[in-house]
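One structure below.
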Amino acid sequence: MSTQNATPATESKGGVLLMTIAILIAVSGVFAFALLAEQPTGIRVGILIGSLVVGVVLGWFSAPGKEFAKYCKASYEELRRVVWPTRKETINTTGIVCAFVVVIAFFLFIVDKLIEFLLYDVLLSLI
């Protein structure tokens, strides 16, 4: 026997519908800005900004918008818990990485010259 009711499904559909309407309003503002080229720039910018604001506000109050707001808040709280390295640790780590890159570059240079020697001087001299 299921304990779920149909209310969350209708809220989800309503949220998706509201988010779709919000996206359509925002996109229509962008198209109106492009299509109203003969109008003064102030009117075009006003239509663009107004439609984007209405789209964002509608999207913010939809279920996906509320979930996105929760996600942003949780991400910000998690970011506050990060322990960032000190300047000294960053410089030391960067120095180690640079030294490792130089060592690997030197190793690859030696391997490349060895393969070149084997292919061109040894193998081709046999032919």
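The angle separating the long axis of helix 41-60 from the principal Cα axis of greatest extent in the chain is about 90 degrees. Relative to the dominant Cα principal axis of the chain, helix 7-35 is inclined by about 80°. Sorted ascending by nearby beta carbons within 10 Å, beginning with the fewest, W84, W60 become W84, W60. Against the longest alpha carbon principal axis of the chain, how many degrees, from 0 to 90 and to the nearest 10, is the axis of helix 87-116 turned? It is inclined by approximately 50 degrees.
With charges set only on the Cβ (+1 for Lys and Arg, -1 for Asp and Glu), what does the dipole of the chain come to about its Cα centre, in debye to the nearest 20? Don't jump to the answer; show the numbers that get you there.
Numbers: 10 positive and 9 negative charges, 123 e Å.
Around 600 debye, computed over the chain.
Here the contact order of the chain, divided by its residue count and restricted to Cα pairs under 8 Å and six or more residues apart, works out to 23 percent. Protection proxy ranking, highest mean first, for peptides 92-104, 40-52: 40-52, 92-104, where packing is the per-residue count of other beta-carbon atoms within 10 Å, averaged. With a Förster radius of 25 Å applied to the C-beta separation of V57 and E77, the computed FRET efficiency comes to 0.55. Please work out which option in [x] 0.97; [y] 2.18; [z] 1.11 gives Cα Rg over 2.2 N^0.38 Å calculated from these coordinates, and answer with its label. Structure-derived value, by its label: [y]. Between V27 and L119, the simple spin-label model (points 7 angstrom out along Cα→Cβ) gives 5.2 nm.
Less than 5 angstrom separates the built amide H of S62 from none of the residues sequence-distant by 5 or more or on a different chain. Taking the charge dipole of the chain about its Cα centre, with +1 at Lys and Arg Cβ atoms and -1 at Asp and Glu Cβ atoms, the residue from F117, G59, I96 reaching farthest to the positive side is G59.
Computed from the coordinates by the stated procedures, all read-outs in this text should not be read as laboratory data. Just so it is clear, the structure is predicted and the values come from calculations on it, not from any experiment. Glycine gets a Cβ as well: all are built from the backbone with ideal geometry, and neighbour counts include every protein chain shown.
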